[in-house]
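The structure appears right after this line, and notes come after that.
The values are calculated or read from the model by the stated rules, or taken from the named source; none is laboratory data. Quick caveat: nothing in here was measured; it's all calculated off a predicted structure. Cβ placement follows ideal geometry from the backbone for every residue including glycine, while neighbour counts extend to all protein chains displayed. Remember, those area values only see protein heavy atoms, side chains included, never the ligands or the DNA or RNA. Shrake-Rupley method; radii C 1.70, N 1.55, O 1.52, S 1.80 Å.
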Amino acid sequence: DAKTTQPNSMESNEEEPVHLPCNHSTISGTDYIHWYRQLPSQGPEYVIHGLTSNVNNRMASLAIAEDRKSSTLILHRATLRDAAVYYCTPGIYNQGGKLIFGQGTELSVKP
Amino acid sequence: GAVVSQHPSRVICKSGTSVKIECRSLDFQATTMFWYRQFPKKSLMLMATSNEGSKATYEQGVEKDKFLINHASLTLSTLTVTSAHPEDSSFYICSASLGSSYNEQFFGPGTRLTVL
């Protein structure tokens, strides 16, 4: 199964952009790249996902490298509520889209 | 996003008893549901994938007789931890998707199981 590598932790200042990187060099050509975030003692929350093209939604933007071996989640203006563990995970296409979670990046946001 | 609920949110039971956890998709039909467990300060570990009306597919190392999964309808999946022991204490989380391999998953709020 494809593995992902993310920094253990990152810090940001409130109202500044945040770029969260993820390496997924073994991802297959049909696996979507998903991003979720999780607060303590809560279930993960869907953020965004994409296959090849960059994607935007009301929460964030996803920039996918041309070779698909890495991607970057962009929070345009971090708020205190964005502090969470962010997980990048491939959706394994030939196994029903199952997600394989790595260790994630713990994002802290300073006021 | 779509809403997924879990019940109960927390449960404490004695060693040797069985515990059932329900996962419901409230506003969409979930062809596929997934069950995860999570230990403190750790990532989510996928336990099994269940498709409505068929047997669940368990991940390697997960005992199917220990963790019984039923997905009898498009809005309900259940996980039963049989003969629970203290090492089964964990945070159990379900998710639901529309079923296609490119769909996102919507997660429930989780169930905290403590086995005494």
Verdict on A:N54 being farther than 29 Å from B:R112 by Cα and facing another protein chain (nearest Cβ under 8 Å): no
A:P40 vs. criteria open to solvent by 30 Å² or more (accessible area, probe 1.4 Å) and modelled with pLDDT under 95: yes
Single unsatisfied condition, A:S41 versus (1) over 14 Å from the mean Cα position of the chain (by Cα); (2) part of a strand (DSSP E or B): (2)
Any hit, the range A:17-30, residues being surrounded by fewer than 22 Cβ atoms within 10 Å (Cβ to Cβ), within 10 Å of chain B (Cβ to nearest Cβ) and touching a residue at least 40 places away in the same chain (Cβ under 8 Å): yes
Residues that are buried (at least 19 other Cβ atoms within 10 Å of the Cβ), farther than 11 Å from B:R37 by Cβ and away from chain A (no Cβ under 14 Å), drawn from the range B:79-116: B:A84, B:V115
